[in-house]
Ligand SMILES: [Zn+2]
């Protein structure tokens, strides 16, 4: 009994420890990649152009579909990823759509072997496979040589996160800048040379004479001994001073993605690291290269929402939302929120067309909505302005309906009828009239006569149904709900 108790305690504390880890890429895999990198000495220069690498994104949820990474956040983190890789000349694109996997055991995997199993079963050949999960074996992410894929924690991703760049750095052969110090806690109170028996690479010094054979073998990444996540000072360097084996002092450079500095410190791969990734892409991973890739970018900065129009009152079901078609856009993300700041999001939909039908709005509420457009190459995309609409109020009695609609008579009106808007103030004349059905389809009235206290509209012909009649005055507008019904 006591044995069981201690085993549980041990497992728990071990798990708790590993949760705080940044990267789970094993030392062995980094060594393997370094050894392979020795085979490839050069790569073809691309004269400032980009090489496009197909990224296969596997979005993993629990068995019951809960916990997929939201598409809005996914494109934000992909936008940052491509920005991070831009100086290297490598850009990622979506040759295939996102792959959605429902598997609780893979989504929350404590063991690397489970993650590798996920990769064996799901990897798409000749693409850079990345898996978004809730728990990648207690880390923010890892690359595994056996699984030949990257696993990333959804909670570590986002607009300001460089975790994806770090793990793809491993994927393209880069070791950590502190390579050799994994799992070792450095302290300047102990002579650095005394660490050499535990650090399994030659410890790197401030003097760069032997840099090609020390630590990560790059000469333009300065010494780094910090193997736990750390915060930099305002210059982007470590707060603490470290001593090398010759007692020269230095601070660690947190700007490199392959360090363990916090996201806010990170901003670059070094020149030699970028060359190494390109050598890897030209050599070991040449299967990722495609010929004749024609990138498509979103060339507009914004675009217009179409329906519902601003401040419109819409029904709670079967509302067809639409917005401008954006040239080159393959993906649209529609967000509908209950708050102007989009803090409470009720719809977060990834779509391929500039329209979709929305059901299940709550009665009598305010809503804000916005759309972003992306292409398979352009993850930053363009964003619409924010639209505002209301859902129909809860109707508790017939009298309330009558009161609400009393300025539009008659209502219901017949298909070929005339309808009159009774005006309540003098500045409401010369109105523009628009009539739309629930799908946003416009109908042109046959005639509009503006009188001093009313507007008379001849409908021409409208099929039976519910319509929104919008009257736009010089300084205001009003939307009326109009029912067309024939006796
Ligand atoms: Zn790492």
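Read-outs: derived from the displayed coordinates by stated rules, not from any lab. Quantities reported herein were computed from a predicted structural model and do not represent experimental measurements. Note: ideal-geometry Cβ built from the backbone for every residue, glycine included; neighbour counts use all protein chains shown.
Per-residue Cβ neighbour counts within 10 Å put 174, 55, 33 in the sequence 33, 55, 174, beginning with the fewest.
A Förster distance of 56 Å, applied to the separation of the beta-carbon atoms of residue 188 and residue 485, puts the FRET efficiency at 0.10. With 0.36 nm allotted per residue and the present C-alpha distance subtracted, the residue 124-residue 248 stretch has 39.8 nm of extension available.
Sorted fewest first by neighbouring Cβ atoms within 10 angstrom, 199, 409, 371 come out as 409, 199, 371. Placing pseudo-labels 7 Å out from each Cα toward the beta carbon at residue 209 and residue 255 gives an inter-label distance of 2.8 nm. Based on the convex hull around the alpha carbon atoms, the stretch 108-150 presents an average projected area of 2.7 nm². Take the alpha-carbon centre of the stretch 137-163, take the same for the stretch 305-372, and report the distance between them in whole Å. Cα centroid of the stretch 137-163 versus Cα centroid of the stretch 305-372: 31 Å apart.
Shape annotation for the stretch 197-271: C-alpha extents along the principal axes are 31, 25, 21 Å, from largest to smallest. When 360, 384 are sorted by how many other C-beta atoms sit within 10 angstrom of their C-beta, beginning with the fewest, the order is 360, 384. Calculated from the alpha-carbon coordinates, the chain shows an Rg and a Dmax of 30.2, 98 Å respectively. Rounded to the nearest 10 degrees, what's the angle between the helix 2-19 long axis and the longest principal axis of the chain, both from Cα atoms, 0 to 90? Compared with the principal axis, the helix lies near 70 degrees. If R0 is taken as 51 Å, the Cβ-Cβ distance between residue 407 and residue 70 corresponds to a FRET efficiency of 0.75. Within the stretch 298-392, the ratio Rg/Rh, alpha carbon atoms throughout and Rh by Kirkwood, equals 0.96. Working from Cα pairs under 8 Å separated by at least six residues, relative contact order for the chain is 11 percent. When shorter helices are ignored and each DSSP H run of at least 4 residues is given -39500 (n - 2.57), the per-residue value for the chain at 222 nm works out to -5500 deg cm²/dmol. The length gained by stretching the chain between residue 363 and residue 36 to full extension, at 0.36 nm per residue less their Cα-Cα distance, is 111.5 nm.
Which angle from 0 to 90°, rounded to the nearest 10, does the C-alpha axis of helix 271-282 make with the longest principal axis of the chain? Between helix and principal axis, roughly 80 degrees. Modelled spin labels at residue 449 and residue 155, positioned 7 Å past Cα toward Cβ, are 6.9 nm from each other. Each label point was placed 7 Å from the Cα along the Cα-to-Cβ direction; for residue 286 and residue 345 their separation is 4.2 nm.
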